[in-house]
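Written below as structure tokens is the structure these notes are about.
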Amino acid sequence: MGRVLPRNHGAIDGRWRWLRALRTGRFQRGEPSAIWFNSRTGGTQVDQATKEISADVPDWTREHPRQFWDPGRKLLRTIRRYQCWRAHGGLFGRLCCKFIALRHRFWSVVTGAEIPLTCQIGGGLLLPHPNGIVIHPDAKIGVNCLIFHQVTLGSRGRGGVPEIAGHVDIGAGAKILGPVKIGAHARIGANAVVIADVEAHGVATGYPGGN
């Protein structure tokens with residue numbers, strides 16, 4: 001004999017899905033909310049499908065580890081904490097920096113990334129697959145950027161280093177070399193080699209990577 005469901009089963013199931021979404025901060029497609037309360041961060045978030053990601057205001061929730069094994073975010077966390085304690089100074093601050101430097105080395109080995117502890121990185125950076133990412137110590141990265149694996153931000157000979165504005169997406173294998181400036185909301189295609197400036201909302205693909 002089949003199981004008999006209550007008359008209000010649909011409503012109960014809907015409430016359970018809504019509570020689960022509130023708890024996790026993740027809404028499925030079709031959920032009737034573009035703005036919701038995130039129980040993890042204690043604040044509201046705006047559906048990114050309805051509002052462009054900011055190139056000026058960092059979204060720090062993007063950097064929060066989602067699980068125990070989250071190498072990209074754990075590596076980034078060591079950089080944030082190192083810079084925080086370095087600015088704090090004092091004997092305790094120096095001891096914390098030494099300990100954090102060991103953790104940074106561990107996650108660098110795990111990911112194969114070369115991201116110095118002193119990098120100038122804006123808040124909200126996403127590193128979905130940090131394998132093989134190389135960033136020059138003097139490079140500047142704006143807020144809410146997205147960098148995929150095998151990306152290089154470096155210099156060309158005696159020249160300067162890249163300056164990346166806010167909310168720039170850099171595809172896998174891309175190389176941005178020299179004193180170039182990448183405008184806000186720009187897109188750098190996979191395996192592109194960029195040696196010239198890219199304007200805001202521009203797209204760079206292939207070689208030499210002009211917009």
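Derivation of every value follows stated rules applied to the coordinates shown; laboratory data play no part. Predicted, not measured: the structure shown is a model, and the values here were computed from it. Note that we place each Cβ from the backbone using ideal geometry, even for glycine, and neighbour counts take in every protein chain shown.
The dipole here belongs to the range 120-211: it is taken about the Cα centre, uses +1 on the Cβ of Lys and Arg and -1 on the Cβ of Asp and Glu, and is about 160 debye. Of the residues R187, R105, the one with the fewest other Cβ atoms within 10 Å heads the list, and the complete ranking is R105, R187. Shown for C84, C119: other C-beta atoms within 10 Å of each C-beta, ranked fewest to most, produce the order C84, C119. Dipole orientation for the range 47-151: of the candidates G90, G112, G132, G90 has the Cα lying most toward the positive pole (charges on Cβ; Lys, Arg +1; Asp, Glu -1). Spin-label model, S54/T118: points 7 Å from Cα along the beta carbon direction are separated by 3.0 nm. Going from the residue with the fewest nearby Cβ atoms within 10 Å to the one with the most, E52, E63 rank E52, E63.
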